[in-house]
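A.B. asks: Once you've had a glance at the structure underneath, I'll fire off some questions.
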There are 2 protein chains.
Amino acid sequence: MDTPYIFSKLKNKKTEIFTSTKINEIKSLRDLSQPLFTLRKKTLLITERDKFNGLYLVHSGLLKQSHIRKPGESEIITHFFLPGDIIGLDSICEHHYCGPVTSIETSSLSLIKFRNIDEYLIAQENHNKLLRVLSRSIRTEHARLWRTLSQPSDARLAYFLITMSNKFSELGYSPNAFRLAMSRQEIANYLCMASETVSRIISRFENEGLLSANRHDYFILDPIGLATIAKKNRSSPNFSG
Amino acid sequence: MDTPYIFSKLKNKKTEIFTSTKINEIKSLRDLSQPLFTLRKKTLLITERDKFNGLYLVHSGLLKQSHIRKPGESEIITHFFLPGDIIGLDSICEHHYCGPVTSIETSSLSLIKFRNIDEYLIAQENHNKLLRVLSRSIRTEHARLWRTLSQPSDARLAYFLITMSNKFSELGYSPNAFRLAMSRQEIANYLCMASETVSRIISRFENEGLLSANRHDYFILDPIGLATIAKKNRSSPNFSG
DNA sequence: CGCTCGTTTGAAAGAGGTCAAACTTGGTGG
DNA sequence: CCACCAAGTTTGACCTCTTTCAAACGAGCG
């Protein structure tokens, strides 16, 4: 199947709408941030040696955070940051960021500067916002990692695609037709699998009529079927629901 | 090898010392908490339906938090809580706790009540403490899960034992001789492996002279060798350091 | 003393990783 | 405009690790 017509739309859509109820707190954080700036693709935003100086709010584009590995080793990707995501939550009150952050495609961001956390957060209101965001972040990250950890690779990938789909949906895009700028290798590193496995499973999904994938363009044909695979897990093959 | 002499000491040691510099913030949080209470072994502290009403500070004993699974499925253990740990960090500003929390052995705890988070956290000081604890918790949990996720099972188990060793060391106990009240099955669920695999790897470690394990009592004979196994990973067999 | 539950050990099967080769695509230069 | 090159992707064969199934073992408890 060729690239669906909707992809051409997606590629040009540059809006930065924050429509999700989930990110209400972020909206107000955005008001406190510095002006937008643009980062060209494959550019380092944060190096491993940068000191923590604030949170970055992603307005458009895609970035990744990775762990430092020895040369020759495959990189470990800990986060993909999409529009609406916040970079640096795990580094508040620490001296340095967790790992280098690189843009995968051209992205626009704004900085919420933290010269001194105590100085910045004088308003009780800001404190509470931040607490909420942090606590939610712990929960969702933990849930995501546990899902990844405890499930076979097809379920991991299906869950990843559904998560992406939901994110795009929240941002006002189509949940079933989207472009993922990251490579297969990067998806594999994010999900802790070999890139060959990602390829194989995508091929299998295509054969089963669940989705259509052409390089960076994905088209989910059977969201329910995909969700069924994402929910299945090792210890309960006869899953019901 | 028989149970080393030190175990008898450990079993009777009921102190609740918080000597770690890592948990300075917790110390002061403790001052704000309600009196101690005791929970008998294998007792539910938090059910899946309990509404969030505060953080629990563990003074002694051992508890586990799990995820709700359908009957017949093996449980997923997301956390073990040792003395000095805080239960509920991922549930601040949420309505419910993440999953049921059960004591594995007799434990003593205190509650830091949060009738209303805004009411409780009037003092800026408390806010900052909590921010620090939360941010650190995101980072350490993330690191732990990534380690678990990306490494073979022997490295997972070695890392788990080292983590336990460090925790006991921080609490003022011996780092090389300790009692873990959880069963093999529970360790396996925590590390996302089959309990048989845990058994096999422990046997292997014993044969290799790395440790001696007798039911719930563990005696680390070669901490450096264990650390080497914990650090090795899939993509770099020729690890150096 | 015998029961039960957790643990250990063995054998077989399956999932995923590694290695290697073929293929596709986008960019470059003639 | 076309040929070529480099990088990413796909596919196949093989191998290793882990799980699963099954049975034996051991300790604690009535």
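A.B. asks: Restricting to region B:194-209, what's the tally of residues that are more than 14 Å from chain A (Cβ to nearest Cβ) and either away from DNA strand D (no atom under 13 Å from the Cβ) or among the hydroxyl-bearing types (S, T, Y) (or both)?
C.D. replies: Of the residues in that region, 6 qualify.
A.B. asks: Follow-up question, since we're still on this one. Check whether at least one residue in region A:219-232 is within 16 Å of DNA strand C (Cβ to nearest atom) and within 14 Å of chain B (Cβ to nearest Cβ), and report yes or no.
C.D. replies: The answer is yes; a qualifying residue exists.
A.B. asks: Another question about this same structure. Check off (1) modelled with pLDDT under 90; (2) over 19 Å from B:H127 (Cβ atoms) for A:E119 and give me the number that stays unchecked.
C.D. replies: The single condition A:E119 does not satisfy is (2).
A.B. asks: Now for a separate question. Every residue in region B:177-204 that is within 17 Å of B:I104 (Cα to Cα), within 9 Å of DNA strand C (Cβ to nearest atom) and of a type outside the set (K, R), please.
C.D. replies: B:M182, B:S183, B:Q185, B:E186, B:I187, B:A188
A.B. asks: If you check A:I229, A:I201, A:I187, A:I162, which single one turns out to be at pLDDT 95 or above, farther than 21 Å from A:E141 by Cβ and touching a helix residue (DSSP H, G or I) at 6+ places or on another chain (Cβ under 6 Å)?
C.D. replies: Exactly one residue qualifies, and that residue is A:I201.
A.B. asks: Could you tell me which residue of region B:133-158 is surrounded by the most Cβ atoms within 10 Å (Cβ to Cβ), considering only residues that are of a type in the set (A, V, I, L, M) and more than 16 Å from DNA strand D (Cβ to nearest atom)?
C.D. replies: Only one residue fits best here, namely B:L134.
A.B. asks: Enumerate the pairs (first residue in region B:90-109 and farther than 14 Å from B:D50 by Cβ and surrounded by fewer than 23 Cβ atoms within 10 Å (Cβ to Cβ); second residue anywhere and among the acidic types (D, E) and at pLDDT 85 or above) with beta-carbon separation below 8 Å, excluding pairs fewer than 6 apart on the same chain, so at least 6 apart or on different chains.
C.D. replies: Final answer for the pair search is B:I104/B:E186.
A.B. asks: With the condition kept exactly as written, say whether any residue in region A:181-196 is among the acidic types (D, E) and out of contact with any Ser or Thr (no Cβ under 9 Å at 6 or more places or on another chain).
C.D. replies: Scanning region A:181-196, I find at least one residue that is among the acidic types (D, E) and out of contact with any Ser or Thr (no Cβ under 9 Å at 6 or more places or on another chain), so the answer is yes.
The values are calculated or read from the model by the stated rules, or taken from the named source; none is laboratory data. Keep in mind the model is a prediction, meaning the values are calculated, not measured. Using ideal geometry, Cβ is built from the backbone for each residue, glycine included, and neighbour counts are taken over all protein chains shown.
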